[in-house]
Amino acid sequence: MDPENIHDRMISSGSFFGRFSIIRKFFSIVFDYKNPILNQKVLGMDFINPIGLSAGFDKNAELTELLPSIGFGFIEIGSVTAEYCAGNPKPRLWRMQLSESLIVYYGLKNDGAEKIAKRLENKKHHIPLGINIAMTNCQNNLDINNAIEDFKKAFDIMKSHADYITINISCPNALGGQPFIKPENLENLLNILDKVETDKPRFIKLSPDLQKEEIDIILNILKNHKIQGIICSNLTKNRDNKKIHQNENNITDKGGISGKVVRDLSDDLLKYIYQREGKRFVLIGVGGIFEAKDVYKKIRNGASLVQLITGMIFEGPSLISNLNQDLAYMLKKDGFKNIKEAIGIDANRD
Ligand SMILES: Cc1cc2nc3c(=O)[nH]c(=O)nc-3n(C[C@H](O)[C@H](O)[C@H](O)COP(=O)(O)O)c2cc1C
């Protein structure tokens, strides 16, 4: 079956089941795992555990009722764009079974900010909800001033529904590429977004394909703006990657790759930023989490929180509680009383 069809069916059944408190309760009994060693406050938000759902799985905020009951500590919806976007032509999602990864070429398909904001209206969530915003994938936004206005519109509409906002400048599949990697464009974008009135924490999501010099320039810009955190990382576009299994080299040259193919790149970006900036930014590590040791590595390299999608697609929803359980065991075994004590402990050990 087309993986996108499977994804869509999961979303509609999850959205249906999520409406019933008895089903949510049942999922909680089966999947939920709690341990105070995993609790922490980050940027004023309370996290019962560090495992979050990454942007792209629940693009339209249809699962916000169900997802907390499978054990997530937080969820990020989106990417949400100011206008409705149908996305790129199909097919646009491929499984790389041997490489334990996905190729994603959705192109920011989503219902648009107004509809998604309406869906979130009056909904209470018991875990932090991040909203990932991006520029609408359309011809009009090839003009950078339009793209900035469009970004601001999404921010304005979504800000009151989020506990934190992620500014996604690293979608590998939009028309015109990633214009906000260019320093002057990023500076102009952040100048405008700084003026959006909200005290919600702001994260920026980076590409794992950035060169060190590009990362340095971006970090220097971020320090002068209202950005409290960085998400490391989005999908990789680079096909020159040893983690791609030889039989899966030629599936398509479109799209960005998730899962085990992107893991080391994400880890390197995270560690580099933590080594350079210490605790200046809150870091969220994402890319290729399949086991608790993957989570623990990201935390010890500087991540306060982590996110995932691909691991859950390959391993099923029980992965979340298994990760939390095993992580709590590892922290305790290493003598930590709380997860906070482990953050960044390995970043400067080479
Ligand atoms: C199906 C799919 C759709 C995605 N869509 C988005 C998106 O809309 N916005 C975004 O910031 N990241 C998106 N991503 C990237 C993920 O949020 C994440 O950064 C990346 O997949 C690495 O994590 P993983 O290996 O655990 O999947 C998507 C990933 C997948 C697999």
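The values are calculated or read from the model by the stated rules, or taken from the named source; none is laboratory data. Since we're looking at a predicted model, the values are computed, not measured. Virtual Cβ from ideal backbone geometry, glycine too; neighbours counted across all protein chains shown.
Below is a table of values for the structure above.
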read-out: Matching option when the condition is touching a Pro at 6+ places or on another chain (Cβ under 7 Å), at positive phi and in contact (Cβ under 8 Å) with a residue 60 or more places away in the chain, among 38, 43; value: 43
read-out: Residue 114, sole failed condition from (1) out of contact with any Gly (no Cβ under 7 Å at 6 or more places or on another chain); (2) within 10 Å of the ligand (Cβ to nearest atom); (3) among the charged types (D, E, K, R); value: (2)
read-out: Which numbered condition residue 44 misses (of (1) within 15 Å of residue 71 (Cα to Cα); (2) surrounded by fewer than 16 Cβ atoms within 10 Å (Cβ to Cβ); (3) modelled with pLDDT of 90 or more); value: (1)
read-out: Residues that are in a loop (DSSP other than H, G, I, E, B), more than 18 Å from the chain's Cα centre (by Cα) and without any contact (Cβ under 8 Å) to a residue 60 or more places away in the chain, drawn from the range 237-292; value: 238, 239, 240, 241, 242, 249, 250, 253
read-out: Residue in the range 29-38 that is within 16 Å of the ligand (Cβ to nearest atom), out of contact with any Leu (no Cβ under 9 Å at 6 or more places or on another chain), acidic (Asp, Glu) and assigned to a loop (DSSP other than H, G, I, E, B) present; value: no
read-out: Search result, residues across the range 64-83 that are at pLDDT 95 or above and of a type in the set (Asp, Glu); value: 76, 83
read-out: Any hit, the range 2-11, residues being surrounded by fewer than 19 Cβ atoms within 10 Å (Cβ to Cβ), among the polar types (S, T, N, Q) and either within 16 Å of the ligand (Cβ to nearest atom) or within 19 Å of the chain's Cα centre (by Cα) (or both); value: yes
read-out: Lone qualifier among 168, 145 - being of a type in the set (S, T, N, Q) and crowded, with 20+ Cβ neighbours inside 10 Å; value: 168
read-out: Criterion (over 16 Å from residue 309 (Cα atoms) and modelled with pLDDT of 95 or more) met by exactly one of 286, 262, 282; value: 282
read-out: Options 221, 244, 231: the member that is of a type in the set (Val, Ile, Thr) and buried (at least 24 other Cβ atoms within 10 Å of the Cβ); value: 231
read-out: Every residue from the range 198-236 that is within 15 Å of residue 269 (Cα to Cα), away from the ligand (no atom under 16 Å from the Cβ) and part of a loop (DSSP other than H, G, I, E, B); value: 211
read-out: Matching entry among 148, 157, 167, 103 (being assigned to a strand (DSSP E or B) and either closer than 23 Å to residue 253 by Cβ or more than 12 Å from the ligand (Cβ to nearest atom) (or both)); value: 103
read-out: Output for the range 314-350, where each listed residue is hydroxyl-bearing (Ser, Thr, Tyr) and under 23 Å from the mean Cα position of the chain (by Cα); value: 318, 321
read-out: Residue tally, condition away from the ligand (no atom under 12 Å from the Cβ) and among the hydrophobic types (A, V, I, L, M, F, W, C), over the range 49-100; value: 10
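Here is a yes/no grid of residues against (1) farther than 16 Å from residue 67 by Cβ; (2) not β-branched (Val, Ile, Thr):
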site: 287; (1), (2): yes, yes
site: 301; (1), (2): yes, yes
site: 313; (1), (2): no, no
site: 319; (1), (2): no, yes
site: 329; (1), (2): yes, yes
site: 339; (1), (2): yes, no
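Yes/no per residue for (1) among the charged types (D, E, K, R); (2) assigned to a loop (DSSP other than H, G, I, E, B):
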{"position": "78", "(1), (2)": "no, no"}
{"position": "87", "(1), (2)": "no, yes"}
{"position": "90", "(1), (2)": "yes, yes"}
{"position": "99", "(1), (2)": "no, yes"}
{"position": "107", "(1), (2)": "no, yes"}
{"position": "117", "(1), (2)": "no, no"}
{"position": "122", "(1), (2)": "no, yes"}
